[in-house]
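The values are calculated or read from the model by the stated rules, or taken from the named source; none is laboratory data. In this text, all values refer to a predicted model and were calculated from it rather than measured experimentally. Here the Cβ positions follow ideal geometry from the backbone for every residue, glycine too, while neighbour counts run over all protein chains shown.
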Amino acid sequence: MTSSDKQFRPLAVPAVTVGGFWGKWQDAVCDETASILLDRCIAAGMLQAIDVTQPSPGVVIPFHSMSPTMPETEEKARVSTQMFWDSDFAKSIETIAYALYRKPNAELEKRADDIIDLYEKLQQEDGYVNSWFQRIRPGRRWTNLRDHHELYCAGHMIEAAVAYFQATGKRKFLDIMCRYVDYMLTVFGHGEDQLPGYCGHPEIELALVKLARVTGNQKYLDLSKFFVDERGTEPHFFDEEARRDGREPKAYVFGNYEYSQSHLPVREQKKVVGHAVRAMYLYSGMADLATEYQDDSLTSALETLWDDLTTKQMYITGGIGPSASNEGFTDYYDLPNDTAYAETCASVALVFWASRMLGRGPNRRFADIMEQALYNGALTGLSMDGKTFFYDNPLESTGKHHRWKWHHCPCCPPNIARLVASVGSYMYAGSDKEIAVHLYGESSASFELAGGAKVQLSQKTAYPYDGAIALSLGLAAPARFTLSLRIPEWAAGAKLAVNGEPLDLSSVEIDGYARIEREWKDGDAVLLELPLELRPLYANPKVRQDAGRVSLMRGPLVYCAEEVDNGADLSAVRVVDTPAIAGTAVLNDLNGALAVDIEVQRNKIEDWGTTLYRSAPPKAEPAKVRLVPYHLWDNRAPGAMLVWFQAQ
């Protein structure tokens with residue numbers, strides 16, 4: 001990629017108001033999820049952990065060892081998911097912050113204020129604040145960055161502090177975290193008695209960029225760059241750290257540092273490996289830094305990794321990381337459906353990464369995947385009523401996989417909640433002289449361009465169920481800038497008109513965006529029509545689990561069949577290349593989702609008999625199958641679900 005002076009940054013959450021499809025989801029977060037997150041965090045014991053007026057709760061969630069050879073009495077490399085309780089609290093506060101934009105809630109705001117007050121009292125004089133290392137295991141500060149999530153927790157707390165400051169104007173949490181990061185600047189570096197280290201679980205890198213942007217302090221950006229640049233260099237920090245701590249570096253349950261993407265310097269990494277969420281958070285931070293520093297070396301590395309992920313290791317839903325054993329990646333083209341781990345957090349983090357890859361200019365290569373992961377891999381992690389959650393997301397179920405209320409590692413609930421509550425900031429981005437529309441949905445956004453030109457952009461649409469998108473612009477005075485609209489790769493035959501005059505897409509399309517440069521005036525209208533036709537998709541023949549199978553998408557949505565609509569034995573369904581649509585239906589019990597009924601062939605199971613095997617194949621008969629958006633499965637009666645069907 002050639003160097004560019006363009007820097008696109010997403011709009012701040014308060015600059016975008018959403019309605020329609022996303023408005024319903026945000027209302028669920030505001031009305032239910034935001035308070036549920038706090039309730040369940042407190043029920044788990046997190047409040048007691050940060051309250052210095054109460055006794056320490058001790059270890060509530062048992063340890064497990066990161067070293068298979070380590071004696072049970074040795075705790076230096078043992079971990080508990082309790083170590084990152086601060087991150088769960090932080091993401092919950094961040095969700096509340098975004099929810100307050102949409103629906104002010106004095107009670108919820110006070111609850112968040114009270115928690116922030118406790119963190120202020122917990123913070124030590126030097127700025128350090130972490131409930132685990134202050135209240136549960138004091139004396140272990142900065143001794144095991146590989147395993148103990150210390151900087152990861154700080155990263156989520158920084159993100160929450162920035163969001164809460166922007167939502168309420170209250171600086172307390174932001175000031176707490178600025179003091180903490182100012183202290184980190186004395187801890188990390190190449191000076192005498194400093195640590196040339198970084199976190200085993202990336203996250204703080206992207207958080208520091210947010211902190212730098214909201215405070216204007218370059219030193220926070222530079223610290224983020226330090227963490228990224230140090231990662232994977234030799235001598236390896238995690239080896240040196242282990243020896244200092246009396247641990248054997250090779251006695252590591254994951255065997256090598258691919259697990260934490262620290263096996264090589266980041267610019268030398270070519271393959272997406274290890275823990276999926278860690279990878280996505282790291283790449284998100286790298287992409288932010290590529291934008292801020294105009295760093296083509298980071299961008300080049302990221303583009304290689306992007307292609308590796310999206311052409312060899314990603315589910316059709318935008319789910320990533322098929323394995324539960326490492327919560328991450330295995331081999332190329334290994335995408336099992338019924339055992340897919342595809343953690344909700346991983347798809348949420350893929351949305352983060354894709355969004356940041358757009359920082360150097362609109363390109364549907366990234367925005368299409370952002371949309372795919374958002375609507376399918378991530379959103380399925382939240383129930384329609386906002387009360388229950390998926391951690392892992394298989395693409396096939398016999399009816400035993402259901403959402404849960406909470407988890408011993410509750411990272412996913414606040415992660416999908418904060419994404420939904422802030423989705424408007426992923427829809428749009430702006431540079432000095434350009435407005436980019438990455439995602440479509442009922443919304444209104446406010447921009448300020450170079451020279452002080454203020455633009456109000458509104459979308460009227462029933463997307464993703466209808467492809468007609470009407471955009472209108474409001475300006476106090478005419479202004480010249482570029483309006484860039486994503487034309488999804490799947491939208492063959494898309495049409496565009498400005499003020500009623502058709503526009504030849506081929507004449508303005510660059511990198512999958514219609515980039516319309518002109519002098520815009522108040523009341524200008526743009527109509528974009530994206531064909532939403534049910535289309536079959538097939539996997540690369542190397543994906544053995546999908547051989548001879550077909551899936552179906554409509555617009556950005558993956559569709560599936562559920563037992564509640566179609567009865568059992570969904571694997572008996574055979575779908576032709578281009579299935580005939582027998583009808584559609586709006587399902588009020590699924591948030592007004594559009595169901596699609598298709599004509600199929602279905603194996604006659606009842607004629608098979610009692611034998612397990614026989615020499616003749618089953619007979620089939622014409623049938624109809626109802627498909628619903630995958631992200632909505634398991635919101636009604638429990639039962640089987642299927643994404644990939646037999647191809648006729």
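Scanning the range 299-350 for residues that are touching a residue at least 60 places away in the same chain (Cβ under 8 Å), aliphatic (A, V, I, L, M) and more than 13 Å from A539 (Cα to Cα) returns A324, A346, V348, A349, L350.
Considered as a group, the residues in the range 245-271 that are at positive phi and in contact (Cβ under 8 Å) with a residue 12 or more places away in the chain include one that is surrounded by the most Cβ atoms within 10 Å (Cβ to Cβ), and that residue is Q261.
Residue count for the range 185-211 under the criterion of being without any contact (Cβ under 8 Å) to a residue 40 or more places away in the chain and of a type outside the set (S, T, N, Q): the result is 7. Confirm whether Y152 is touching a residue at least 40 places away in the same chain (Cβ under 8 Å), within 23 Å of E292 (Cβ to Cβ), outside any loop (DSSP other than H, G, I, E, B) and of a type in the set (S, T, Y). Here the answer is yes, as Y152 does meet what is asked.
Taking the listed residues A647, A640, the one that is over 18 Å from L379 (Cα atoms) and more than 27 Å from the chain's Cα centre (by Cα) is A647, with no other qualifying.
For the structure I just gave you, tell me whether G399 is out of contact with any Ser or Thr (no Cβ under 6 Å at 6 or more places or on another chain), surrounded by fewer than 24 Cβ atoms within 10 Å (Cβ to Cβ), assigned by TED's automatic domain parsing to the domain that holds L471 and among the small types (G, A, S). The answer is no for G399.
With respect to T388, is the statement that it is under 21 Å from T339 (Cβ atoms) and either among the hydroxyl-bearing types (S, T, Y) or outside the structural domain of V16 (by TED's automatic domain parsing) (or both) true? Considered against the rule, which asks whether it is under 21 Å from T339 (Cβ atoms) and either among the hydroxyl-bearing types (S, T, Y) or outside the structural domain of V16 (by TED's automatic domain parsing) (or both), T388 comes out as no.
When the residues of the range 590-624 are filtered to those that are assigned to a helix (DSSP H, G or I) and out of contact with any strand residue (DSSP E or B) (no Cβ under 9 Å at 6 or more places or on another chain), the one that is surrounded by the most Cβ atoms within 10 Å (Cβ to Cβ) is I605.
Just one of the listed residues (Y101, Y152) is aromatic (F, W, Y) and within 20 Å of D182 (Cβ to Cβ), and it is Y152. Any idea how many residues of the range 373-386 are of a type in the set (S, T, N, Q) and either surrounded by 24 or more Cβ atoms within 10 Å (Cβ to Cβ) or in a helix (DSSP H, G or I) (or both)? Count: 2. The set of residues from the range 387-406 being of a type outside the set (V, I, T), under 25 Å from L570 (Cα atoms) and not in a strand (DSSP E or B) comprises F390, Y391, D392, N393, P394, L395, G399, K400, H401, H402, R403. Kindly indicate whether T344 is buried (at least 23 other Cβ atoms within 10 Å of the Cβ) and in the same structural domain as L206 (by TED's automatic domain parsing). Criteria met by T344.
Take S355 and decide whether it is in contact (Cβ under 8 Å) with a residue 60 or more places away in the chain, surrounded by fewer than 21 Cβ atoms within 10 Å (Cβ to Cβ), in a helix (DSSP H, G or I) and in contact with a strand residue (DSSP E or B) (Cβ under 8 Å, 6 or more places away or on another chain). Judged against the criteria, S355 is not a match. Among S431, S443, which is closer than 27 Å to L534 by Cα, hydroxyl-bearing (S, T, Y) and touching a Gly at 6+ places or on another chain (Cβ under 9 Å)? S443 is the lone residue from the list that is closer than 27 Å to L534 by Cα, hydroxyl-bearing (S, T, Y) and touching a Gly at 6+ places or on another chain (Cβ under 9 Å). Residues satisfying the criterion are present in the range 63-85 (criterion: closer than 19 Å to Y119 by Cα and aromatic (F, W, Y)).
Residues checked against (1) in the same structural domain as K24 (by TED's automatic domain parsing); (2) modelled with pLDDT of 95 or more; (3) buried (at least 19 other Cβ atoms within 10 Å of the Cβ):
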{"site": "T95", "(1), (2), (3)": "yes, yes, yes"}
{"site": "K121", "(1), (2), (3)": "yes, yes, no"}
{"site": "G139", "(1), (2), (3)": "yes, no, no"}
{"site": "C153", "(1), (2), (3)": "yes, yes, yes"}
{"site": "E159", "(1), (2), (3)": "yes, yes, yes"}
{"site": "R171", "(1), (2), (3)": "yes, yes, no"}
{"site": "M177", "(1), (2), (3)": "yes, yes, yes"}
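On the given criteria, is R364 among the basic types (K, R) and modelled with pLDDT of 95 or more? Yes; evaluated as a whole, the condition is true for this residue. Considering G285, G255, the condition of being modelled with pLDDT under 95 and under 19 Å from T233 (Cα atoms) is satisfied by G255 alone. The single condition from (1) under 23 Å from L379 (Cβ atoms); (2) surrounded by fewer than 18 Cβ atoms within 10 Å (Cβ to Cβ); (3) not hydroxyl-bearing (S, T, Y) that V576 fails is (1). Restricting attention to the range 358-372, which residues are on the phi < 0 side of the Ramachandran plot and either part of a helix (DSSP H, G or I) or among the small types (G, A, S) (or both)? Scanning the range 358-372 gives L358, G359, R360, R364, R365, F366, A367, D368, I369, M370, E371, Q372. Suppose the filter is under 28 Å from Y630 (Cβ atoms), crowded, with 20+ Cβ neighbours inside 10 Å and of a type in the set (F, W, Y); does Y465 pass it? For Y465, the condition - under 28 Å from Y630 (Cβ atoms), crowded, with 20+ Cβ neighbours inside 10 Å and of a type in the set (F, W, Y) - is not met. Quick check: is even one residue across the range 625-645 at pLDDT below 95, among the polar types (S, T, N, Q) and either outside any strand (DSSP E or B) or not assigned by TED's automatic domain parsing to the domain that holds A342 (or both)? Taking every residue of the range 625-645 in turn, none turns out to be at pLDDT below 95, among the polar types (S, T, N, Q) and either outside any strand (DSSP E or B) or not assigned by TED's automatic domain parsing to the domain that holds A342 (or both). Scanning the range 179-191 for residues that are buried (at least 19 other Cβ atoms within 10 Å of the Cβ) and farther than 30 Å from R247 by Cβ returns no hits.
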